[in-house]
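Here the structure comes first, spelled out in structure tokens, and everything after it is commentary.
The values are calculated or read from the model by the stated rules, or taken from the named source; none is laboratory data. Please read all numbers here as calculations on a predicted model, not as lab measurements. Note that we place each Cβ from the backbone using ideal geometry, even for glycine, and neighbour counts take in every protein chain shown. Areas reflect the complete protein model, heavy atoms only, side chains present, ligands, DNA and RNA absent. Shrake-Rupley method; radii C 1.70, N 1.55, O 1.52, S 1.80 Å.
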Amino acid sequence: MAAQWHLSGDYFENCNCSVVCPCLVSKAPPLTSRPTEGVCDVAAIFHIEDGRYGDVTLDGLNVALAIHTPGPMGEGNWAVGAYIDERADEKQTEALGAIFTGAAGGPMAAFAPLISKNLGAEIPNILHMSVDPLPTMHPSGEMWANSGHPISPDKLAFAVGAAGSTFSDHGMRWDNSGRNGHYAPIRWSNP
């Protein structure tokens, strides 16, 4: 049985779909629409401001996931590589691995059955990514929705990948500059 855990912080992602990605915003049920490019190449980055896994503190650590799906996300057959902060010690790395593979419950557990190839956890400098809010006339300068996204179902900002948003590892290579993006604060825990 997994340890009790919680974390809060920030998340952002950048996929290869045209803005706005049909996985979450379309007339089809979530994760069943075909990605605009036929496949999905997405990086998701998490910064943990405050977190604990049992007695292991996770404050200030980062995790990145690189995901490839060969079609609609809900059809599975995902290949996922996890990149855990090089500052994490062995216990922190183990805790973050359990949380971000879904083995310890929480939001990522919903994705676990969709993964067919776990590419492992690595730490090289292979990802460059940032996102900017989509242009809007709203005074806040941001467009927020409660789209039901599994990572942040109640609050998600629509964004676009900034120039230079690239990834290259595990035989995957992409440039998602100018492509779909999201960001949100997160607050996760297991039951």
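Hey, can you tell me all the residues within the range 70-123 that are β-branched (Val, Ile, Thr) and touching a Ser or Thr at 6+ places or on another chain (Cβ under 6 Å)?
Going through the range 70-123, the residues β-branched (Val, Ile, Thr) turn out to be 80, 84, 93, 99, 101, 115, 123.
Ile84, the sole residue that qualifies.
Of the strands (runs of 3 or more DSSP E) contained entirely in the range 140-189, those carrying at least 2 residues that are more than 28 Å from Ala95 (Cβ to Cβ) fall at 156-161, 172-175. When restricted to residues that are surrounded by 16 or more Cβ atoms within 10 Å (Cβ to Cβ), among the aliphatic types (A, V, I, L, M) and free of Cβ contacts under 8 Å to residues at least 60 places away in the same chain, the range 1-29 contains 0. Asn62 fulfils the conditions (1) open to solvent by less than 20 Å² (accessible area, probe 1.4 Å); (2) under 13 Å from the mean Cα position of the chain (by Cα) except for a single criterion, (1). With the condition kept exactly as written, say whether any residue in the range 122-134 is of a type in the set (A, V, I, L, M, F, W, C), open to solvent by 70 Å² or more (accessible area, probe 1.4 Å) and in contact (Cβ under 8 Å) with a residue 24 or more places away in the chain. The answer is yes, given that some residue of the range 122-134 is of a type in the set (A, V, I, L, M, F, W, C), open to solvent by 70 Å² or more (accessible area, probe 1.4 Å) and in contact (Cβ under 8 Å) with a residue 24 or more places away in the chain.
Got a sec? Which strands (runs of 3 or more DSSP E) wholly within the range 7-98 have at least 1 residues that are more than 30 Å from Met143 (Cβ to Cβ)? Spell out the reasoning first.
Working: elements: 40-53, 62-69, 78-84.
Ranges flagged: 40-53, 78-84.
In the range 104-114, what residues are open to solvent by less than 60 Å² (accessible area, probe 1.4 Å), of a type in the set (A, V, I, L, M) and assigned to a helix (DSSP H, G or I)?
Start the filter on the range 104-114 by keeping residues that are open to solvent by less than 60 Å² (accessible area, probe 1.4 Å), which leaves 104-109, 111-112, 114.
Checking which are of a type in the set (A, V, I, L, M) leaves us with 104, 108-109, 112, 114.
The answer is Met108, Ala109, Ala112, Leu114.
Checking each residue in the range 150-191 for being polar (S, T, N, Q) and open to solvent by less than 60 Å² (accessible area, probe 1.4 Å) picks out Ser152, Ser165, Thr166, Ser168, Asn176, Ser177, Asn180, Asn190.
Considering each of Thr32, Thr69, Thr101 in turn, give the residue that is over 19 Å from His182 (Cα atoms), hydroxyl-bearing (Ser, Thr, Tyr) and either surrounded by 20 or more Cβ atoms within 10 Å (Cβ to Cβ) or at pLDDT below 95 (or both). Just one listed residue meets the conditions, Thr101.
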